[in-house]
Amino acid sequence: MSSPTADVSVRLAWPDDANAMARSQVNAWRESYAGLVAEELLDGLDPSEFAASWSQALTTPKDARSRVLVALERASVRGFALVHPSQDPDADPVVDGEVAEFIVDPAYRGAGHGSRLLQACVDTMRADKLTRAFWWIGATDDAMRSFVAGSGWEPDGAHRELESDVGSSLKQVRLHSDLSQS
C-alpha cells in the first residue's frame, strides 16, 4: 500500500488567480521587507491594487513569452512566479530569460511549493528556447539566496540598487543558471 500524497501542482496562472496571488505577495513582502522598508509603507500595501496589476498582466502580457505560474495545493494558490525574456542591458532577450517575481506565501513555505515552482520556471523558459536565466535577489535575503543556489544558480557579479518612493533602497545581486543543461 502506498502512502497518500499531497494534491499539489504548478500551472499557468488564470485571471481568476489574481486576488490570491496579490494576498500572497502582500504577505511575502511584509515579511521580506520588514526592517528594510518603512513600516507605514508595508502596512499600507493594498492587495486589491496588486490584484488589478496581476489581472492586467495575465490578460494582456507584454510578451508572448511572459508567463505567470502558480503553485497550488488543491485549488488554492500558495505561491507564484513570473518569467519572461531578460530585460537587463547585458542580456540577449532572444536566449536569456529572467525569473522576475517569485513568491511563496510565508504561511506555506517549507512544503515544497517553491521547489516545484522553480522547476516549472526552468521548464517554461526552456520550452521557450531560452538558454540562460537571470534572477535578481535581495542582497540580504540569505534564505532565498541559499534556496536558489541550492538549485544550481550562481552569482555572476552583477549588482544593483533599487530606490523606492520613500527614500529607502534595496540592494540586489544577480544569479544566473545555464538552461541548456538538463
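Going through region 1-109, which trypsin sites (Lys or Arg not before Pro) have at most 14 other Cβ atoms within 10 Å and a DSSP loop state?
Sites meeting the loop and neighbour criteria: 62, 74.
May I have the convex hull volume per residue, in Å³, for the Cα set of the chain?
So the per-residue Cα hull volume is 135 Å³.
Take the chain, connect every pair of alpha-carbon atoms lying under 10 Å apart with a spring to form a Gaussian network, then pick out the residue of 59, 140, 131 with the largest mean-square fluctuation.
59
Near residue 62, within a Cβ-to-Cβ distance under 15 Å, what is the net charge of the other residues, with Lys and Arg +1 and Asp and Glu -1?
Spelling it out: positives minus negatives among the neighbours equals -2.
Modelling each spin label as a point 7 Å along the Cα-to-Cβ direction, I'd like the residue 129/residue 62 distance in nm, to one decimal.
Distance between label points: 2.3 nm.
Under a plain spin-label model, where a point goes 7 Å from the Cα along Cα-to-Cβ, how far apart in nm are residue 115 and residue 16?
Roughly 3.0 nm, to one decimal.
Counting pairs of alpha carbon atoms under 8 Å apart in space and at least six apart in sequence, what relative contact order in percent does region 33-96 give?
The value is 18 percent.
When the chain is treated as a GNM, springs tying every alpha-carbon pair under 10 Å, which of 75, 51, 18 comes out with the largest mean-square fluctuation?
75
Tell me, what is the FRET efficiency for residue 180 and residue 34 to the nearest 0.05, using R0 = 35 angstrom and their Cβ-Cβ distance as r?
The calculated FRET efficiency here is 0.40.
Could you point to the residue in 99, 12, 32 farthest towards the positive end of region 1-105's charge dipole, with +1 and -1 charges on the Cβ of Lys/Arg and Asp/Glu respectively?
Of the listed residues, the answer is 12.
Rule-based calculations on the coordinates, nothing more; no lab input. Note that the structure is predicted; figures quoted are calculated from it, not measured. Positions of Cβ are backbone-derived with ideal geometry, glycine not excepted, and every protein chain shown enters the neighbour counts.
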